[in-house]
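The values are calculated or read from the model by the stated rules, or taken from the named source; none is laboratory data. All values reported here derive from a predicted model rather than from experimental measurement. Neighbour counts run over all protein chains shown; Cβ positions are idealised from the backbone, glycine included. Just so you know, the surface numbers come from the protein's heavy atoms only, side chains and all, with ligands and any DNA or RNA stripped out. Shrake-Rupley method; radii C 1.70, N 1.55, O 1.52, S 1.80 Å.
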Amino acid sequence: TPERYLKEMLDSILDQTYGNWEVCIADGSPRGQDVEKVLKKYAQKDSRIRYEILGGNRGISGNTNAALAMAKGEYVILADHDDTIPPQAFYEVAKAINKHPDCDVLYSDEDKLDMDGKALFDPHFKPDFNPDLLTSVNYICHLFVVKKELLDQVGGFRQEFDGAQDYDFIFRCVEHAGAEKIHHIPKILYHWRCHEDSTSENPESKLYAFDAGQRAVQAHYDRIGVKVEVSKGEFLGLYRTKFLRDYDPLISIIIPNKDHIDDLKRCIDSIEAKSTYTNYEYIIVENNSEEKETFAYYEQLEAVNPKVHVVYYKGHFNYSAINNFGVQYAKGEYFLLLNNDTEIINDDCLEELLGYCTREDVGAVGARLYYEDDTIQHAGVVIGFGGIAGHCFVQQKRGFTGYCHRIICAQDYSAVTAACMMVKREAFEKVGGLSEELQVAFNDIDFCMKLRQAGYLIVYNPYAELYHYESKSRGLEDTPEKVARFNQEIATFEKRWPDILKNGDPFYNPNLTLDSQDFSLKRL
């Protein structure tokens, strides 16, 4: 450790406004180095600083375990030897523990510190606990706090995961704690120094760490009994999960339609031509088409494709009622709510949606959708965007990965769009389907909120990609009647879900703006 960095870390702890702490340092430096002189000086200056000279390097896990063995506190904070901690950090942790005395795990937001220790940059404002984001990337990282009692239960760091030993440790802690005992402090309480050999700035400096990270994610799934195959993602430090299934369940693809048979044909043709998953049926819900060519196309479809079933909903347009009606005719274990103006891009699109949906804790899964011009139409939904709810990263160019790579990470959100949403039958029926008083707007968001209330996760899977040619069939909210209905549906949503609108979306962050959908910083 460069002496200057070590001193800056220790000074940042001495500067803490909260005083009830101890520092436990295990020094694995080779004998003859001057680190011990620095530690001795600081220990003499403040009795709360304790250290042990190991006499040799036991590796990052062995060294850290030696430090953990010294700990006497009720909670343990992990800190690297070359980073710094802002002076209010311990106070904020203690404050959170007092407010949430049952919490076993806490974590905060973080940013980066340049080599000179003068500039802070790349703030990472994180969501509340997000298990599927954690399997995509170690977003928790710093500041990480764990109850000592839990630490003793799960055991310390494991040498076989060196390089990603903290990732493995975090997984074991959150598995034991359970989501309700994990608390996120949405404040920057850690400055992660970036220098030439730091994985935070130069990931290729420690390629072995990313192999260890992949194994840490795989080990997590193995422990919780979910069959998966974990691989590396698009960038180092990102991971991709493919779920392994024992059989191919029937998927009922529910497509509302009124005329616009060119759209419907493109939608179905893309599935027929590309999808490697074949056990599905179509339930096309016809709603008041006026063109004779539409009905001729239905007849042709049913004649040549035994998977197609056209059912007739006679009422006025009500998106919720139409889908609920279509589901009555569906035979599948899973429903894919799909707009007629979509087109699948990747051949494993249905398998990607199904993979997450087969998990017991997942209610619905959404996809990455693009406009015709290859900009993002949907990459998850945040409650609060536009006053009620909105899509993330709208109109960002295809290939752009978004804030902290969020566009390309599988993760949990409060909602996803029903333009392409897979939902398990059991979950659909448990919450009573879509709410029919929400005829056009926010019915899919409300549906996801009902699933969340019932204890299910809503997953955004970026590896299911489609084009969405966006509401060609129904036109704009351009009449007084439509505007009045839209406003009524806003009022209905606000009445149903006041808490999240007041307190903020747990899968977003209060430091990020609601004025745009690009995850930029809130203006003060």
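I'd like to know if the stretch 176-199 contains one or more residues that are part of a helix (DSSP H, G or I), under 19 Å from ASN509 (Cβ atoms) and modelled with pLDDT under 95. Yes - at least one qualifying residue is present in the stretch 176-199. Of all residues in the stretch 52-76 being in contact with a helix residue (DSSP H, G or I) (Cβ under 7 Å, 6 or more places away or on another chain) and under 16 Å from ASN20 (Cβ atoms), which is surrounded by the most Cβ atoms within 10 Å (Cβ to Cβ)? Among them, the one singled out is TYR75. Residues considered: GLU351, GLU343, GLU360. Of these, the only one that is assigned to a loop (DSSP other than H, G, I, E, B), under 26 Å from the mean Cα position of the chain (by Cα) and not β-branched (Val, Ile, Thr) is GLU360.
Look at (1) touching a Leu at 6+ places or on another chain (Cβ under 9 Å); (2) open to solvent by 20 Å² or more (accessible area, probe 1.4 Å) and you find that TYR107 fails only one, number (2). With respect to the conditions (1) outside any loop (DSSP other than H, G, I, E, B); (2) in contact with a strand residue (DSSP E or B) (Cβ under 8 Å, 6 or more places away or on another chain), ASP262 falls short on a single one, namely (2). When each of ILE224, ILE253 is tested for being at pLDDT 95 or above, of a type in the set (Val, Ile, Thr) and either open to solvent by less than 80 Å² (accessible area, probe 1.4 Å) or within 30 Å of VAL310 (Cβ to Cβ) (or both), the lone residue that passes is ILE253.
The residue pairs whose first member lies in the stretch 83-112 and is farther than 17 Å from ARG193 by Cβ and of a type in the set (A, V, I, L, M, F, W, C), whose second member is in a helix (DSSP H, G or I) and open to solvent by 60 Å² or more (accessible area, probe 1.4 Å), and whose beta carbons are closer than 7 Å, counting only pairs six or more residues apart or on different chains, are CYS103/LYS181; VAL105/LYS181. Remark: pairs (first residue in the stretch 436-447, more than 12 Å from ILE458 (Cβ to Cβ) and without any contact (Cβ under 8 Å) to a residue 40 or more places away in the chain; second residue of a type outside the set (A, V, I, L, M, F, W, C) and in a loop (DSSP other than H, G, I, E, B); Cβ separation under 6 Å; 6+ apart in sequence or on different chains) are absent. Among the residues of this structure, PHE428 counts as one that is buried (at least 17 other Cβ atoms within 10 Å of the Cβ) and either in contact with a strand residue (DSSP E or B) (Cβ under 7 Å, 6 or more places away or on another chain) or free of Cβ contacts under 8 Å to residues at least 12 places away in the same chain (or both). Answer yes or no as to whether ARG474 is at pLDDT below 95, farther than 20 Å from ILE251 by Cβ and open to solvent by 40 Å² or more (accessible area, probe 1.4 Å). So ARG474 passes the test.
Within the stretch 321-332, is there a residue that is over 31 Å from the mean Cα position of the chain (by Cα), open to solvent by 30 Å² or more (accessible area, probe 1.4 Å) and at pLDDT below 95? Among the residues of the stretch 321-332, not one is over 31 Å from the mean Cα position of the chain (by Cα), open to solvent by 30 Å² or more (accessible area, probe 1.4 Å) and at pLDDT below 95, which makes the answer no.
Number of residues in the stretch 113-122 that are part of a strand (DSSP E or B), in contact (Cβ under 8 Å) with a residue 12 or more places away in the chain and open to solvent by 40 Å² or more (accessible area, probe 1.4 Å) equals 1. Selection of the stretch 70-98 for residues being part of a helix (DSSP H, G or I) and either of a type in the set (A, V, I, L, M, F, W, C) or under 14 Å from LYS112 (Cα atoms) (or both) yields ALA89, PHE90, VAL93, ALA94, ALA96, ILE97. All conditions but one from (1) in contact (Cβ under 8 Å) with a residue 24 or more places away in the chain; (2) closer than 16 Å to LEU78 by Cβ; (3) surrounded by fewer than 20 Cβ atoms within 10 Å (Cβ to Cβ) apply to GLY155; the one that does not is (1). The single condition among (1) closer than 21 Å to THR417 by Cβ; (2) open to solvent by 30 Å² or more (accessible area, probe 1.4 Å) that GLU293 does not meet is (1).
Can you find even one residue in the stretch 272-284 that is touching a Lys or Arg at 6+ places or on another chain (Cβ under 6 Å) and of a type outside the set (D, E, K, R)? Looking through the stretch 272-284, at least one residue is touching a Lys or Arg at 6+ places or on another chain (Cβ under 6 Å) and of a type outside the set (D, E, K, R). For the stretch 12-48, a residue qualifies if it is surrounded by fewer than 12 Cβ atoms within 10 Å (Cβ to Cβ) and not in a loop (DSSP other than H, G, I, E, B), and the qualifying residues are LYS37, GLN44, LYS45. Which residue is modelled with the lowest pLDDT, if the candidates are limited to the stretch 477-504 and must be in a helix (DSSP H, G or I) and in contact with a helix residue (DSSP H, G or I) (Cβ under 9 Å, 6 or more places away or on another chain)? Among those residues, the one meeting the criterion is GLU489.
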